[in-house]
1. If you take the residues in segment 97-115 that are under 26 Å from VAL162 (Cβ atoms) and of a type in the set (D, E, K, R), which one is nearest to the chain's Cα centre (by Cα)?
2. Scanning for something at pLDDT below 90 and either farther than 21 Å from GLU165 by Cβ or touching a strand residue (DSSP E or B) at 6+ places or on another chain (Cβ under 7 Å) (or both), does segment 234-241 turn up at least one residue?
3. Given the criteria in contact (Cβ under 8 Å) with a residue 12 or more places away in the chain, at negative phi and either in contact with a Lys or Arg (Cβ under 8 Å, 6 or more places away or on another chain) or of a type in the set (Val, Ile, Thr) (or both), does SER71 qualify?
4. Looking at THR144, THR201, THR152, which is the one that is over 24 Å from VAL10 (Cβ atoms), touching a Lys or Arg at 6+ places or on another chain (Cβ under 8 Å) and of a type in the set (Ser, Thr, Tyr)?
5. Return the residues of segment 172-183 that are in contact with a Lys or Arg (Cβ under 9 Å, 6 or more places away or on another chain) and either at pLDDT below 95 or farther than 15 Å from VAL237 by Cα (or both); say none if nothing qualifies.
6. When you look at ARG33, is it more than 11 Å from LEU75 (Cα to Cα) and touching a strand residue (DSSP E or B) at 6+ places or on another chain (Cβ under 7 Å), yes or no?
7. Tell me which residues, restricted to segment 43-79, are over 20 Å from the mean Cα position of the chain (by Cα) and either closer than 27 Å to PRO194 by Cβ or among the small types (Gly, Ala, Ser) (or both).
Amino acid sequence: MFLEESLVTVSLKPPPVIKYSETLRELARRMSRKRVDHMIVSDEKGRRVLGSINIYELMKIIVIHSAKVLSQKVLDYSKREVPCLRENSKVRDLLEYWKNQGLSEVCVLSRGEAPIASTSPLVFVQQAAKYLKRLVSSNAFKSTQPLIAVNTTVKGVLRRAVERELLCFLVYRKGNILGVVDCFDVLALIADGPEDILSYTCSFIYKRLEPEKLPRGLSETFSPLVLYRGEVCVISVADMVRDLCHELLQRI
């Protein structure tokens, strides 16, 4: 049964780690390059967990403080209390924790003080996609929420990402979808772009969409962008995991 699977199977091992003395700019670069939605903040030797920060928290920080904040240290903006689960924890333990504590939490599997793995809603779905294909509800597939106008600014993209809990948006003009904006790509642009990058519009940054190459629904190789019932949709990882928490845990 999926709920009895080891938590390690839906985690990243080793976990994505960044030292406390690194900057938010380096954090944005690594998240973008590795396409991970969280990082564990560690001491200089990487042996002790000092905090965590996820992509939504980072985007919110940039929206509030502008791109200049990227020169600040990671530790100053990280969440210090990181939930740690035992190395032998099950998927059930994780879903119960998220159901009770909220989906924004990055969870660490530890051996003593040392982090050995970590997971988040996005990592969970990526790692467990083959188990979830038959469990995902239609509520997870969004066709209107991800729509943003072509003149939306980069700052506007970040704000909507935080508000709507989405990492991918469909850029449209006059009712037609032109392309897609991915938040991992946006972070890379912000980290190494010009000072006024937040004022750039989607017309400069979107990528052309090729619907015929999209998977149909949730596939074993997770893609946030899919074709579902004939429409281009973005998968809401947050809504998917919320539904799974409700559906799977009530079966116990």
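1. Going through the qualifying residues, I end up with GLU105.
2. The answer is no, given that none of the residues of segment 234-241 is at pLDDT below 90 and either farther than 21 Å from GLU165 by Cβ or touching a strand residue (DSSP E or B) at 6+ places or on another chain (Cβ under 7 Å) (or both).
3. Judged against the criteria, SER71 is a match.
4. After applying the criteria, what remains is THR152.
5. In the first step, residues of segment 172-183 are kept if they are in contact with a Lys or Arg (Cβ under 9 Å, 6 or more places away or on another chain); the result is 178-182.
Answer for segment 172-183, where residues must be in contact with a Lys or Arg (Cβ under 9 Å, 6 or more places away or on another chain) and either at pLDDT below 95 or farther than 15 Å from VAL237 by Cα (or both): LEU178, GLY179, VAL180, VAL181.
6. Spelling it out, it is not the case that ARG33 is more than 11 Å from LEU75 (Cα to Cα) and touching a strand residue (DSSP E or B) at 6+ places or on another chain (Cβ under 7 Å).
7. Listed by number, the residues that qualify are GLY46, HIS65, SER66, LYS68, VAL69, SER71, GLN72, LYS73, ASP76.
The values are calculated or read from the model by the stated rules, or taken from the named source; none is laboratory data. This structure is a prediction, so every number in the text was calculated from the model and none was measured. When we count neighbours, we look across all protein chains shown, and the Cβ atoms used for this are built from the backbone with ideal geometry, even at glycine.
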